[in-house]
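Please treat every number below as a calculation from the coordinates, not as lab data. Being a predicted model, the structure only gives us computed values, none of them experimental. Positions of Cβ are backbone-derived with ideal geometry, glycine not excepted, and every protein chain shown enters the neighbour counts.
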Amino acid sequence: MTKAAAQLPRLIFGAQFQNPILLAAGTAGFGRELNGVMDLEALGGLVTKAVSRDPRQGNKSPRVAEFPGGMINAIGLANPGLDHVLADELPWLARLKQARVIVNVVGFTEDEYVQVVQALESAEGITALELNLSCPNTARGGIEFGAEPACVARIVERCRAVTSRPLVAKLSPALPDIAGMAIVARDAGADGVSLVNTLPGLLYDDRGVPRLGNGNGGVSGPSLLPIGVLATRRVQEKAPGFPVIGVGGIRSAADVRQYLNAGAQLVAIGTAALADPRLPERIIRELEHG
C-alpha cells in the first residue's frame, strides 16, 4: 500500500475528512436511525439515503433478500421527499461536527434533479451532493439516465449551474465504458464519481416466484469488490487524480486498501454495515494502526 493511500485524514471536495470511511447511500438512512448504534462522529462521513423532489413509498415488499454471495434489493428509492428532508433530517445531520455529510440526489426527469439540487443549496452542513444516475428516465421509457453520455452531461451541467457545492456522479458498473462516462461527468462539471452502484439481478424462491416484490433488484455485497476496484483503477488511468469514492463489497480494512491502492480517495461501506453496524468503526481502528 502506498504512503499516500495510508494517510487517513484527507482533503477532498474542499473539506477535511478525518478518515476515508463513509456509509454508503441507502444504508445509513439520514443518520439518526443509526445514532446510538454506531459512533457517527468516528466516521469520515455518511451518504444519506436518496432524496427525491416528491415523497416516495418505494416498491412493494419484500424489498431485500440475502443469498450466499451478498444481497439483492429493490427499495424503490423510498424517502420522505425534499420538503421533509430540508425541514427535519438535514437540521439533525448539521449537528455532526466531525463526520461529513453527502446527500444522495435522485430524479425521474432531468428537471427533478435540478430542482432538488437547487433547493439543497441553502441547507447547512452538506459537504457534497451525490447524483444517483441509475434512476429510470421516465421520458425515455425507463432507460437509466447514466446509460447515455449526453444525458449524464446535461444533468451534471444543469445541476452545476444551480449549486456551488461539489457534485459526485454515482455510476453503474454495467456501463460498457465506465471510465469514459466518468470523464463525461468530469467535463460537465462533476467534482468526482462514486464507483460503483449495484448490478442488476434476479432471484427466485423454491416456488419459482421472484424473491423481491419488484421482481428484479440491485446486487450488492462481496462479489462487487473486484468490480468496483477495477472501475476505480480504470478511471484513474484515464483521469489521473479525479476524485473517486470506491463503493462495493467492502468488509474489512484489507478491502478498503484495495480501493485506496486503485486510486480511490474515499470508500463507502454498504451491505456489510447493514449486517454489522459496528464494522465501520472496527475498520477505522484497524486502518489507524496500519
* To do: Report the equivalent ellipsoid semi-axes for the chain in whole Å, largest first, defined as the square roots of five times the eigenvalues of the gyration tensor built from alpha carbon atoms.
  => 24, 23, 21
* How big is the antiparallel share of DSSP beta bridges in the chain, given as a percent to the nearest 5? -> 40
* Asked: If each residue's Cβ is checked for other Cβ atoms within 10 Å, how do Lys60, Lys97, Lys170 rank with the fewest at the top?
  -> Lys97, Lys60, Lys170
* Can you put His289, His84 in order of Cβ neighbours within 10 angstrom, beginning with the fewest? => His289, His84
* Which semi-axes, in whole Å and largest first, does the equivalent ellipsoid of the stretch 14-109 have when worked out from the alpha carbon gyration tensor as the square roots of 5 times its eigenvalues? -> 23, 19, 12
* To do: Would you compute the Debye intensity of the stretch 154-235 from its alpha-carbon atoms alone, equal scatterers and no solvent, and pass along log10 I(q)/I(0) at q = 0.16 Å⁻¹ to two decimals?
  => -0.70
* **Around Ser52: net Lys/Arg minus Asp/Glu count, Cβ-Cβ under 15 Å** => -3
* Return a whole-number percent for the relative contact order of the chain, with Cα pairs under 8 Å and 6 or more residues apart as the contact set. => 20
* Structure fact -> the stretch 64-117 and the stretch 270-290 have their Cα centres apart by a whole-number Å value of 21
* Nitroxide proxy distance, nm - points 7 Å out along Cα→Cβ at Glu33 and Glu148 -> 3.2
* **Asp83-Ala254 pseudo-label distance in nm [points 7 Å out on the Cα-to-Cβ vector]** => 5.1
* Structure fact -> Rounded to 0.05, the calculated FRET efficiency for the beta carbons of Ala94 and Ala275 at R₀ = 35 Å is 0.75
* To do: Report P(r) for the stretch 67-170: all Cα-Cα distances, bin width 5 Å, range 0 to the bin holding the largest distance, values in whole percent.
  => 2, 11, 21, 22, 18, 13, 8, 3, 1
* Would you mind ranking Cys151, Cys135, Cys159 so that the residue whose beta carbon has the fewest other beta carbons within 10 Å leads the list? => Cys151, Cys135, Cys159
